[in-house]
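Engineer: Input: one structure, supplied below.
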Amino acid sequence: MNKIKDINKGDVIAFRADDQRYKALICTSAYKEKSPQNFTFAALSIDQEELPKLTNIQESFFYGIGNRKDDYFKYSEPELKKMWTIHPEIKPYFLGSYGLNIWRKDFMKFRDNIEYIGHLDIIDNLDKNGNGSVNASDWDFLKDFFNEKYKSILKDRGQKLFKTSAMIR
């Protein structure tokens, strides 16, 4: 396994949680202009014994909400059309993801526990159209959070599962 040197929007990573099952995250934004740098990830529904492949990711779901329709973090008409075709129940609202924020300096400390799966061309502003986030910059927190409790925690925070294909361009 190669060490991950950097993360960019659309990169998919996986790791083994405390239950020894693989979980996966997709980077929805990366702030690198000046220090402190950080990444925002969306939690995916991946929960499997084997290392997921990019096809597993494309067929998975992510945690988020359909809750905004202002012009500040707008999607293009083709992006909205695809989003609403896949999830007509959210129209006229925008789809947004729940953010897992990780500071780059902290990520580098536990990157040996993370595997790079691949890259997907995803829409911009997915994390900005969500309605919540949590600091996930600690390896112990991250692997513990993704035991079965993350599903109920995110559900309690109003997050639902949406098809990952709705975020792919």
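Engineer: Cα-Cα pairs above 18 Å in segment 2-146: how many percent?
Structural biologist: Beyond 18 Å sits 56 percent of the P(r) for segment 2-146.
Engineer: If you don't mind, there's one more thing I want to ask. For the chain, what is the accessible area per residue in Å², given a 1.4 Å probe and the full set of protein chains?
Structural biologist: With all protein chains present, the chain gives 51 Å² per residue.
Engineer: So if each residue of separation counts as 0.36 nm, and I subtract the Cα-Cα distance between L54 and S152, what length gain in nm does that give?
Structural biologist: 32.7 nm
Engineer: In addition: Looking at segment 88-158, how many pairs of lysines come closer than 23 Å at the Cα, when each pair is eight or more places apart or spans two chains?
Structural biologist: Within segment 88-158, the lysine pair count is 9.
Engineer: Of the options N147, S60, Y22, report the single residue whose Cα projects farthest towards the positive end of the charge dipole of the chain (beta-carbon charges: Lys, Arg +1; Asp, Glu -1).
Structural biologist: Checked the options; the winner is S60.
Engineer: Can you list the residues, at least 5 places off or on another chain, whose amide H is less than 5 Å from the amide H of T28, using H built in the peptide plane?
Structural biologist: Here G10, T40, F41, A42 satisfy the definition.
Engineer: Using the Cα centre of the chain as the reference point, and only Cβ charges (+1 on K/R, -1 on D/E), how large is the resulting charge dipole? Debye, rounded to the nearest 20.
Structural biologist: For the chain, the charge dipole is close to 340 debye.
Engineer: Considering only DSSP beta bridges where both residues belong to segment 23-169, give the percentage that are antiparallel (nearest 5).
Structural biologist: Just about 90 percent of them are antiparallel.
Engineer: Related question: Compute the distance in nm between two label points, each set 7 Å from the Cα along the Cα-to-Cβ direction, one at F110 and one at D6.
Structural biologist: So the two model labels end up 2.4 nm from each other.
Engineer: Using the per-residue mean of other Cβ atoms lying within 10 Å as a proxy for protection, in what order, highest first, do the peptides 39-48, 58-67, 109-118 fall?
Structural biologist: The peptides rank, most packed first, as 39-48, 58-67, 109-118.
Engineer: Treating the angle as unsigned and between 0 and 90°, give the value, to the nearest 10°, between the Cα long axis of helix 77-86 and the longest Cα principal axis of the chain.
Structural biologist: It is inclined by approximately 80 degrees.
Engineer: Using a Förster radius of 35 Å, what is the FRET efficiency between S165 and S35 based on their Cβ-Cβ separation? Nearest 0.05, please.
Structural biologist: Efficiency, rounded to the nearest 0.05: 0.50.
Engineer: Could you give the distance between the Cα centres of segment 111-153 and segment 1-37, to the whole Å?
Structural biologist: Using only Cα atoms, the two centres lie 8 Å from each other.
Engineer: Could you give each residue of segment 109-125 its phi-based ³J(HN,Hα) in whole Hz, using Karplus coefficients 6.51, -1.76, 1.60 with θ = phi - 60°, and x for Gly or Pro?
Structural biologist: Karplus values, whole Hz, x for Gly and Pro: 6, 10, 5, 5, 8, 10, 10, 7, 9, x, 10, 10, 7, 9, 5, 7, 6.
The values are calculated or read from the model by the stated rules, or taken from the named source; none is laboratory data. Bear in mind the structure is a predicted one, so any value in this text is a computation, not a measurement. Using ideal geometry, Cβ is built from the backbone for each residue, glycine included, and neighbour counts are taken over all protein chains shown. Surface accessibility is based on the protein's heavy atoms, side chains included, excluding ligands, DNA and RNA. Shrake-Rupley method; radii C 1.70, N 1.55, O 1.52, S 1.80 Å.
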